[in-house]
Amino acid sequence: MEVKAASETPAPTRTASQVPAAAAAQPPTPETEVWAGRTSWKHYAGRLSAWVVGNLLFAVLVGWIASAKTWLALSGAIWTVLVVVLVSGVIFILPVFIGIIGRRYRLTSQRLFIERGILNQTIDQTELIRIDDVRVQKTLFDRVFGLGTVSLLSTDLSDREVVIEGVCNADRVAEVVRANTRTQRGKAFFVENL
């Protein structure tokens, strides 16, 4: 009796009717951009309002103390207020400005790109086929200004939760993500969910 090696045995042939429909060759569709955006400055309206109100209250307090105490002259009070406004602006406003300028979102028919950074840049890509859940969150200020934050839960090991923060028409963005995710899942046989 002769034993054949595994490489010598012929591979079974399948007819076209035996190939699963998902594995059938489909022409690749071109990847198109469906949406692009940035975080809106209005998303930080609460923080900006608190900064303005806090600085105004501080200026009034320093002015009141300067008028009541002789050791704090008017010019010293003005310099104190200016220094506090500048320092608090660097602490509260500069990170907001950098966050808005340094983050850009781009959604295509197949992937979501999040570009971060001003001088150095990092680009995260998430395949839409890996998105499991879409959530929209809106703060009070977001609702007033028509904004929202879209959170995407995915099976991607590096990015379990992807956040599109403070964008206009967040409901529409979430629906576009959901629709393109369903389209991508309909085109491919997704083995990881079995």
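The values are calculated or read from the model by the stated rules, or taken from the named source; none is laboratory data. Keep in mind that what you see is a predicted model, and the values were worked out from it rather than measured. In this analysis, Cβ positions are derived from the backbone assuming ideal geometry, glycine residues included, and neighbour counts consider all displayed protein chains.
Take the conditions under 18 Å from Ala36 (Cβ atoms), in contact (Cβ under 8 Å) with a residue 60 or more places away in the chain and surrounded by 16 or more Cβ atoms within 10 Å (Cβ to Cβ) and apply them to Gly166. Does it pass?
When the stated conditions are applied, Gly166 passes them.
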Can you tell me which residues in region 53-86 are under 20 Å from Trp41 (Cα atoms) and loosely packed, with under 14 Cβ neighbours inside 10 Å? Val53, Leu86
Filter result for the condition that a residue is over 16 Å from the mean Cα position of the chain (by Cα) and of a type in the set (S, T, N, Q), over Asn169, Asn120: Asn120
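I'd like to check something: does region 20-34 contain any residue that is modelled with pLDDT of 70 or more, more than 30 Å from Arg185 (Cα to Cα) and either surrounded by 12 or more Cβ atoms within 10 Å (Cβ to Cβ) or of a type in the set (D, E, K, R) (or both)?
no
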Can you find even one residue in region 172-184 that is of a type outside the set (A, V, I, L, M), closer than 21 Å to Glu33 by Cα, at pLDDT below 95 and assigned to a strand (DSSP E or B)? no
Only one of these is part of a helix (DSSP H, G or I), among the small types (Gly, Ala, Ser) and touching a Ser or Thr at 6+ places or on another chain (Cβ under 8 Å): Gly76, Gly99, Gly166. Name it. Gly99
